[in-house]
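Rule-based calculations on the coordinates, nothing more; no lab input. On a predicted model such as this, the values are computed, not experimentally measured, just so you know. When we count neighbours, we look across all protein chains shown, and the Cβ atoms used for this are built from the backbone with ideal geometry, even at glycine.
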Amino acid sequence: MTPHAADGALSNDGPNAEQIEYWNGDAGERWARYQDKLDSMLQPFSDAVLRIGAVKPGERILDVGCGCGATTFDIAIRAGAQGKTVGVDISAPMIARARNRAAALKSTAEFMLADASTHAFPPGTFDLLASRFGIMFFLEQVPAFTHLRQALTPGGRVAFVCWRPMKENPWISVPLFAALPHIPKQEPAVPGAPGPFAFDDPDRLRGVLTNAGYSAIEIEPFDANLVVGGGADPVGDALQQTLDIGPLARIFRELDETARTQSIDAVREALARHASAEGVVMDGAVWLVTARA
Ligand SMILES: C[S@@+](CC[C@H](N)C(=O)[O-])C[C@H]1O[C@@H](n2cnc3c(N)ncnc32)[C@H](O)[C@@H]1O
């Protein structure tokens with residue numbers, strides 16, 4: 001990738017080296033490829049970030065873990081010509097996609113390739129830190145949020161969404177549980193480890209934000225229907241997404257032919273139970289989180 005003036009250094013031996021490798025490999029490429037589909041599926045959560053972030057014209061906002069930029073573009077429209085919206089992400093393929101889209105959309109949003117937990121943002125630069133699922137991947141959570149707080153103006157705001165526990169998120173648990181009898185035994189996730197469910201426990205999340213120096217912390221549940229599969233073959237569409245993105249994608253790639261066929265059949269059958277005229281639709285459950293610096 002051609003270096004960009006805004007880009008920061010990504011460290012191969014820093015705390016987030018594993019995530020940097022992950023999001024710059026196959027996973028980042030796949031997310032970039034699925035950008036359109038994921039954005040329509042996740043739009044209710046962008047809308048939620050905008051609502052709880054209450055962006056005003058002229059404000060300066062940092063979208064942390066912005067990916068391909070969907071939420072950043074929505075925020076930039078709210079911040080208007082006098083505002084400034086910056087998306088930061090460690091994934092080169094996703095930032096490249098975001099920059100291409102910004103040009104095509106004539107958006108004022110800017111994008112930088114950097115680790116948000118260590119990048120030297122000038123202190124007091126932003127009125128709001130926003131994120132749609134981009135803040136759950138820091139290995140050292142309290143130092144990361146402390147670092148980000150210093151990029152906020154005094155009293156600046158935080159507004160993000162993160163997933164509630166997997167068992168409340170059928171869009172991810174239904175295919176995973178269907179595949180379980182056919183895949184190697186999975187180690188239980190370490191509570192709080194970097195990943196989609198790092199902040200599923202609201203008490204733990206509140207502790208991280210408190211220890212990082214934030215106040216006025218509010219954590220509220222929010223649910224939305226997610227269209228996981230659509231088009232002419234909604235079940236096939238949902239199955240393909242499950243095979244390409246998310247926790248099962250990694251596991252599937254390491255299965256032998258028999259286990260792969262058996263688990264794919266089981267997942268297809270489980271997804272089909274959620275098919276309706278609207279497509280394969282399942283609940284997505286998140287925390288809406290706000291706080292002040
Ligand atoms: C689940 S994706 C969400 C992307 C985007 N916000 C969306 O909703 O489509 C998580 C994103 O966080 C980014 N990310 C993970 N750790 C990061 C870090 N330390 N600094 C910046 N971005 C990070 C990943 O590269 C990835 O793009």
Scanning the stretch 123-134 for residues that are more than 12 Å from the ligand (Cβ to nearest atom) and either of a type in the set (A, V, I, L, M, F, W, C) or not in a loop (DSSP other than H, G, I, E, B) (or both), the one farthest from GLU18 (Cα to Cα) turns out to be ASP127
Expected single match for surrounded by 15 or more Cβ atoms within 10 Å (Cβ to Cβ) and either within 16 Å of the ligand (Cβ to nearest atom) or among the hydroxyl-bearing types (Ser, Thr, Tyr) (or both) among ALA179, ALA151, ALA120 is ALA151
Query raised in the report: Could you say whether any residue in the stretch 254-271 is under 21 Å from TRP163 (Cα atoms) and in contact with a helix residue (DSSP H, G or I) (Cβ under 9 Å, 6 or more places away or on another chain)?
Result: yes
Over the stretch 212-246, the set of residues of a type in the set (S, T, N, Q) and outside any helix (DSSP H, G or I) is SER215, ASN225
